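These notes are about the structure you will find just below.
The values are calculated or read from the model by the stated rules, or taken from the named source; none is laboratory data. Please read all numbers here as calculations on a predicted model, not as lab measurements. Using ideal geometry, Cβ is built from the backbone for each residue, glycine included, and neighbour counts are taken over all protein chains shown. These area figures cover heavy atoms from the full protein model, side chains too; ligands, DNA and RNA do not enter into them. Shrake-Rupley method; radii C 1.70, N 1.55, O 1.52, S 1.80 Å.
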Amino acid sequence: MAMGKTSCVCLPCRVSYKQPHDTTRQRSCPRCTQLMMHAGSAFATPPRRDVASWRTLSVLLNAGVGFHKSCCGGPGFRPRKPREIRGRMTYAQRSGTPIAEALARRDIAA
């Protein structure tokens, strides 16, 4: 059985690499040698110059929200802009909802 590929991301370098899926191995960035984070097989890399998208991505990955394929063809909703992150973080704080869950919600209560 062939292994699928997953994206490994280096947030400081703003790069990602498709790697064979291996949960037992932590990968290092070939540019800076820091440990990379697994983003998932459905991850689409933003352009390096898009600093806001990389900040948003950093919040998502550090909160444990990945980009893994689900049974319906994709990872589901993920915020793309810092204001979407701020709104969901505020919602999580006010409602007591776990941060990862609030970040993955498409709609939040006003």
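For A52, the conditions (1) surrounded by 15 or more Cβ atoms within 10 Å (Cβ to Cβ); (2) small (G, A, S); (3) not in a loop (DSSP other than H, G, I, E, B) are fulfilled apart from (1).
A Cβ distance below 6 Å, combined with a sequence gap of six or more or placement on separate chains, defines the contacts here; from region 79-95, residues that are over 14 Å from W54 (Cα atoms) reach residues that are open to solvent by 70 Å² or more (accessible area, probe 1.4 Å) in the pairs A92/I99. Could you list all residues from region 55-71 that are open to solvent by less than 30 Å² (accessible area, probe 1.4 Å) and either touching a Ser or Thr at 6+ places or on another chain (Cβ under 8 Å) or among the acidic types (D, E) (or both)? Hit for region 55-71 is F67, nothing else.
How about region 3-49: which of its residues are farther than 25 Å from I85 by Cβ, in a loop (DSSP other than H, G, I, E, B) and touching a Ser or Thr at 6+ places or on another chain (Cβ under 8 Å)? Write out each step before concluding.
Going through region 3-49, the residues farther than 25 Å from I85 by Cβ turn out to be 3-5, 18-28, 30-31, 33.
Now narrow it down to the ones that are in a loop (DSSP other than H, G, I, E, B): 3-4, 21-27, 30-31, 33.
Hits for region 3-49 are G4, H21.
When L11 is tested against (1) out of contact with any helix residue (DSSP H, G or I) (no Cβ under 8 Å at 6 or more places or on another chain); (2) modelled with pLDDT of 95 or more, exactly one condition is not met: (1). Kindly evaluate V59 against the criterion of being under 12 Å from the mean Cα position of the chain (by Cα) and not in a strand (DSSP E or B). Here the answer is yes, as V59 does meet what is asked.
Candidates are the residues of region 84-110 that are at pLDDT 90 or above and basic (K, R); the one that is nearest to P47 (Cα to Cα) is R86. Taking first residues from region 50-64 that are without any contact (Cβ under 8 Å) to a residue 40 or more places away in the chain and among the hydroxyl-bearing types (S, T, Y) and partners that are open to solvent by 30 Å² or more (accessible area, probe 1.4 Å) and in a loop (DSSP other than H, G, I, E, B), the Cβ contacts under 9 Å between residues at least 6 apart in sequence or on separate chains come to S53/P47; S53/R80; S53/K81; T56/R78; T56/R80; T56/K81. Checking each residue in region 21-35 for being loosely packed, with under 11 Cβ neighbours inside 10 Å and modelled with pLDDT under 90 picks out T23, T24, R25.
With open to solvent by less than 70 Å² (accessible area, probe 1.4 Å), among the charged types (D, E, K, R) and part of a loop (DSSP other than H, G, I, E, B) as the only criterion, which of R78, R88 stands out? Give the derivation first.
Details: R88 fails: part of a loop (DSSP other than H, G, I, E, B).
The conditions single out R78.
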